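Okay, so here's the structure we're looking at.
All of the numbers you see were taken from the coordinates with simple rules; none came from a lab. On a predicted model such as this, the values are computed, not experimentally measured, just so you know. When we count neighbours, we look across all protein chains shown, and the Cβ atoms used for this are built from the backbone with ideal geometry, even at glycine.
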Ligand code: NAD
Ligand code: UDP
């Protein structure tokens, strides 16, 4: 197999660090850049010194110059409390980050993949969500910095493709979980597992009947690599996620059972514009690549609980900023 020079932005984050692992396993040369705003050096500590791995602290709102064959653009905080804590920086990360990386791709002739999101559908009025649905985003609400930033990034990707012939892939990622998520980072899986393992009440927002569909990280990275491997001209956007839809209360029950804790819930106010239902239609991705998620929720949650337990007992995890959620 040809060894490629691959840039991963946001490579010290949850998904980015798993992607770096997989690219190095395939013997590619990996350049990881991150500003460590929501990622952790611990996530990539095991890669320091590995053959083919280089890392630099860099903010994607600033241009960068490298010679690469492929770019995975993952830089952007993904947890609502993180992306809402500095909303202007969130929009800049998506928009200026996309421009800087698309300019780099154009200059190098590199293929570039954008980690877009199911949030482009907002609080969806169509269910499940397929790529043809144009979404229901509140352009002025607290989630807009993320949702509209990602929508603008998609627009930029398609403009660079149409006007400059850049080889793009746009992937709409649905809720993904797994080992290395930050403790208590505001996202539901990490909050619930951390709360449950540390003997605190599980914080259910609203009545807990809102739904999400959770994809295990290994499946998500398989999908990302499969999409990057499709022929030039296959642009997406495509949904990548697990269509197994559950309520937030059902998730809390699953996690309580796995952590062997008596369920103890604290009901809090539902955040503004929190989507009521979310489930991907993945038929486009499956038709294109044959990809399907393989890891059942219970198995993926059990692996994540084990990872949290191990890190809690080693007590190495330090959140990069204090959060008020959860
Ligand atoms: P994460 O917060 O763990 O990782 C994001 C990484 O980007 C972090 O390491 C952070 O420090 C870095 N970063 C943020 N702003 C940056 C900047 N301006 N310059 C350089 N680095 C910067 O989140 P994640 O779950 O790993 O998400 C990765 C990508 O996937 C994000 O773009 C996110 O929007 C997208 N996504 C994730 C999910 C999910 O469920 N995990 C769902 C939809 C989309
Ligand atoms: N949620 C919750 N308790 C928490 C964190 C989140 O009930 O401690 C809910 C949240 O309101 C949302 C769902 O879980 O309905 C998923 O939240 P998350 O932030 O993980 O993802 P997103 O809303 O971006 O899909």
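Mark the label point 7 Å from the Cα of residue 54 along Cα→Cβ and return the residues of the range 109-135 whose backbone N is within less than 18 Å of it. Answer for the range 109-135: 109-111. Fewest-first ordering of 31, 174 by other beta carbons within 10 Å of each residue's beta carbon gives 31, 174.
Which ordering of 172, 311, 266 is given by a fewest-first count of other beta-carbon atoms within 10 Å? Show your work: numbers first, answer last.
Details: 172 25, 311 18, 266 12.
By the 10 Å Cβ count, ascending, the order reads 266, 311, 172.
Roughly what % of DSSP beta bridges within the chain run antiparallel, to the nearest 5? Just about 10 percent of them are antiparallel.
Considering only alpha-carbon pairs that sit under 8 angstrom and 6 or more positions apart, the relative contact order computed for the chain is 18 percent. For the chain, a Kirkwood hydrodynamic radius built from all Cα pairs, placed in the Stokes-Einstein relation at 20 °C and 1.002 mPa s, yields a translational diffusion coefficient of 108 µm²/s.
On the beta carbon distance between residue 65 and residue 231, with R0 = 25 Å, the FRET formula returns roughly 0.35.
Relative to the longest principal axis of the Cα atoms of the chain, the long axis of helix 14-25 makes an angle of roughly 50 degrees. Taking N as the residue count of the range 73-222, its C-alpha radius of gyration divided by 2.2 N^0.38 Å amounts to 1.13. Measure nothing fancy, just the Cα-based angle from helix 297-314's long axis to the longest principal axis of the chain, in degrees from 0 to 90, nearest 10. That works out to roughly 90 degrees. Axis angle, to the nearest 10 degrees, between helix 188-197 and the longest C-alpha principal axis of the chain: 40 degrees. Structure remark: mean-square fluctuation, Gaussian network model of the chain, C-alpha springs under 10 Å; the largest value among 269, 117, 91 belongs to 269.
Of all the Cα-Cα pairs you can form in the range 45-131, what percent are over 19 Å apart? That tail contains 53 percent of the Cα-Cα pairs.
Considering helices alone, the calculated mean residue ellipticity of the chain at 222 nm is -11500 deg cm²/dmol, with DSSP H runs of length four and up weighted by -39500 (n - 2.57) and normalised per residue.
Using r as the Cβ-Cβ distance of residue 314 and residue 209, and R0 as 30 Å, what FRET efficiency do you calculate, to the nearest 0.05?
Numbers: r = 36 Å, r/R0 = 1.21.
Result of the calculation: an efficiency of 0.25.
Fewest to most neighbouring Cβ within 10 Å: what's the order for 146, 216?
216, 146
Hey, in the GNM for the chain with a 10 angstrom Cα cutoff, which one of 203, 140, 235 fluctuates hardest? Its mean-square fluctuation being the largest, the pick is 140. Taken over the range 1-108, the percentage of Cα pairs per 10 Å bin, counting from 0 up to the bin with the maximum distance, is 16, 49, 30, 6, 0.
At R0 = 56 Å, how high is the FRET efficiency between residue 198 and residue 2 if r is their beta carbon distance? Nearest 0.05 is fine.
On the way: r = 46 Å, r/R0 = 0.83.
Working from the Cβ atoms, E equals 0.75.
From the square roots a ≥ b ≥ c of the eigenvalues of the alpha-carbon gyration tensor of the range 246-298, which class results: rounded (a/c under 1.5), prolate (a/b over b/c), or oblate? Let's see the in-between values first.
Details: a/c = 5.28, a/b = 1.57, b/c = 3.35.
Cα axes put the range 246-298 in the oblate bin.
Spin-label model, residue 244/residue 25: points 7 Å from Cα along the beta carbon direction are separated by 2.0 nm.
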